[in-house]
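Read the structure below first, then the notes.
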Amino acid sequence: MNFKTYKKEGEYSYALGASVAIELLRTNPKDCLGVILSPNYTDKEGIIEGLCEAHNIPIEQNQKLLGILSPKENCFVAAAFAKRRHVLDKNKTHVVLDQPSDMGNLGACMRSCAGFRVYDLAVIGAGADAYNPKAIRASMGAFFHVRVQYFESIRGYLDIYQNNREIYTFMLKADHVLQGLAADKNEVRSLIFGNEASGLDYGTYKDIGKSVVIAHSDKIDSLALPAAVSIALFSMSPPR
């Protein structure tokens, strides 16, 4: 197999690690282009080999190539897959991240989305690359359950998706407190969060939807982005 190191503008990416690769093979086998194994990898149950055989996916042992694709020495599996453009479901709740800068945080947010059955994620502006193997690995495979769509601006997102939904902007200067917010758990909504360092720009978002703050003690100035997303999803996610 002749795969190259990941490039944002490229047509494929990688699921690094056995558990993430297995998630790809189970959920999106048609997108998988091939699997590279370390000679030191032991698949006692034959899961990866069995899935590759079932879907006619090429598989080979190649430590040199694996070392090129993953800088981490403890990575024993890499699965290449074709990138697909996603379109969000207009009838479902969305998480919207404005310029998230950290791929680990983006991956953690995707994992929380999948965990709370919210499968649509919008990224606004020059945000972290959801297809980067670092983000995919941080998601622990949740990437393969979430639709991710990018927009140049929040207006570009709203022009398509603002109708028939409630919009909540999470910021420190807000009109509502999440813990006391009476939100209909059956409503379709967009939960919008800002960049890890700067949050949402007040001038841009002050007239968009309902502003919400997650109340916390004065011992911290703000919550980490994945924590804020998880708390909001737990509080406002649709019922089982």
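The values are calculated or read from the model by the stated rules, or taken from the named source; none is laboratory data. All of these numbers come straight from a predicted model, not from anything done at the bench. We place every Cβ from the backbone using ideal geometry, glycine too, and count neighbours over all the protein chains shown.
Key figures for this structure:
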{"quantity": "Residue match in segment 77-90 (condition: farther than 24 Å from Lys30 by Cβ and modelled with pLDDT of 95 or more)", "calculated": "yes"}
{"quantity": "Subset of segment 194-212 [of a type in the set (S, T, N, Q) and either under 13 Å from Val96 (Cα atoms) or not assigned by TED's automatic domain parsing to the domain that holds Met103 (or both)]", "calculated": "Asn195"}
{"quantity": "Every residue from segment 7-20 that is in contact with a Lys or Arg (Cβ under 8 Å, 6 or more places away or on another chain) and surrounded by 14 or more Cβ atoms within 10 Å (Cβ to Cβ)", "calculated": "Tyr12, Ser13, Ala15, Leu16, Gly17, Val20"}
{"quantity": "Checklist (1) under 30 Å from Arg155 (Cβ atoms); (2) in a helix (DSSP H, G or I); (3) out of contact with any helix residue (DSSP H, G or I) (no Cβ under 8 Å at 6 or more places or on another chain) applied to Lys92, failing item", "calculated": "(2)"}
{"quantity": "Test: residue in segment 128-148 that is in the same structural domain as Ile231 (by TED's automatic domain parsing), under 15 Å from Gly17 (Cβ atoms), out of contact with any Lys or Arg (no Cβ under 9 Å at 6 or more places or on another chain) and hydrophobic (A, V, I, L, M, F, W, C)", "calculated": "yes"}
{"quantity": "Unique match (being out of contact with any strand residue (DSSP E or B) (no Cβ under 8 Å at 6 or more places or on another chain), at negative phi and among the aromatic types (Phe, Trp, Tyr)) among Tyr161, Tyr202", "calculated": "Tyr202"}
{"quantity": "Filter result (under 17 Å from Ala108 (Cα atoms) and surrounded by fewer than 15 Cβ atoms within 10 Å (Cβ to Cβ)) within segment 196-240", "calculated": "Ala197, Ala224, Phe234"}
{"quantity": "Residue in segment 178-193 that is within 18 Å of Met103 (Cα to Cα) and out of contact with any His (no Cβ under 7 Å at 6 or more places or on another chain) present", "calculated": "yes"}
{"quantity": "The listed residue being at pLDDT below 95 and of a type in the set (A, V, I, L, M), out of Ala126, Ala108, Ala114", "calculated": "Ala126"}
{"quantity": "Strands (runs of 3 or more DSSP E) wholly inside segment 148-240 that include at least 3 residues being more than 22 Å from the chain's Cα centre (by Cα)", "calculated": "210-213"}
{"quantity": "Residue satisfying all of: in segment 135-158; of a type in the set (Lys, Arg) and surrounded by fewer than 21 Cβ atoms within 10 Å (Cβ to Cβ); farthest from Leu233 (Cα to Cα) among these", "calculated": "Arg155"}
{"quantity": "Within segment 112-131, tally of residues that are in a helix (DSSP H, G or I) and either surrounded by fewer than 20 Cβ atoms within 10 Å (Cβ to Cβ) or small (Gly, Ala, Ser) (or both)", "calculated": "3"}
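For (1) touching a helix residue (DSSP H, G or I) at 6+ places or on another chain (Cβ under 7 Å); (2) surrounded by 14 or more Cβ atoms within 10 Å (Cβ to Cβ); (3) modelled with pLDDT of 95 or more, each residue gets a yes or a no:
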| residue | (1), (2), (3) |
| --- | --- |
| Thr5 | yes, no, no |
| Ile22 | yes, yes, yes |
| Leu25 | yes, yes, yes |
| Asp31 | no, yes, yes |
| Pro39 | yes, no, no |
| Thr42 | no, no, no |
| Ile59 | yes, yes, yes |
| Asn62 | no, yes, no |
| Leu66 | no, yes, no |
